[in-house]
1. In segment 54-94, if every C-alpha pair distance is counted and binned at 5 Å from zero, what percent goes to each bin?
2. Work out how much length Val5 to Ser70 would gain on full extension: take 0.36 nm times their residue separation and subtract the Cα-Cα distance, in nm to one decimal.
3. Could you list the GluC sites (Glu not before Pro) in segment 36-106 that lie in coil according to DSSP, counting only those with at most 13 other Cβ atoms within 10 Å of their Cβ?
4. In whole angstrom, and with the biggest value first, how far do the Cα coordinates of the chain range along each principal axis?
5. Ordering Trp107, Trp36 from largest to smallest accessible area (1.4 angstrom probe), what's the sequence?
6. Counting only heavy atoms of the protein chains, get the accessible area per residue of segment 1-112 (1.4 Å probe) and round it to a whole Å² value.
7. Please compute the net charge surrounding Ile31, taking Lys and Arg as +1 and Asp and Glu as -1 over other residues with Cβ under 10 Å from its Cβ.
8. Please turn the phi angles of segment 58-65 into ³J(HN,Hα) values with the Karplus equation 6.51 cos²θ - 1.76 cosθ + 1.60 (θ = phi - 60°), one per residue in order, whole Hz, x for glycine and proline.
Amino acid sequence: QVLLVESGGGVVQAGGSLRLSCAASGSTDSINAMGWYRQAPGKQRELVATISSRGSTNYADSVEGRFTISRDNAKNTVYLQMNSLKPEDTAVYYCQCRVGILDFAFWGQGTQVTVSS
């Protein structure tokens, strides 16, 4: 079992920046990839960015060049630096990690990001 706790959400004006953090606890030795997803009202949850245990990253086209995902394995924490935020980035952001041989997914509780125009 892995518990994920997100922090760093809030309200920001368009063009501003926020940094999300997600701290993992529990069976952290078995964590593989970690990532961020988001869900806007009335829309499906979508991938924002992922990072492998070795640091390889993957981004959604909509955030490429504006968002940066990173992880600190010593602290079992993944970060999402969000710059040049747009109103369409408004959503609940969820942290996810994949664990063990079966790559089982664990999710955080979500943190709200609101970008005002």
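The values are calculated or read from the model by the stated rules, or taken from the named source; none is laboratory data. Because the structure is a prediction, the values reported are computed rather than measured. When we count neighbours, we look across all protein chains shown, and the Cβ atoms used for this are built from the backbone with ideal geometry, even at glycine. The protein model used for the area step is the full one, side chains on, heavy atoms only, and it has no ligands, DNA or RNA in it. Shrake-Rupley method; radii C 1.70, N 1.55, O 1.52, S 1.80 Å.
1. 5, 18, 30, 24, 14, 8, 1
2. 21.8 nm
3. Within segment 36-106, the qualifying GluC sites (Glu not before Pro) (loop, at most 13 other Cβ atoms within 10 Å) are Glu64.
4. Principal-axis extents of the Cα atoms in the chain, largest first: 43, 25, 22 Å.
5. The ordering from most to least exposed comes out as Trp107, Trp36.
6. Spelled out: the 1.4 Å probe surface of segment 1-112, per residue, equals 54 Å².
7. Its environment carries a net charge of +1.
8. 9, 10, 5, 4, 5, 10, 3, x
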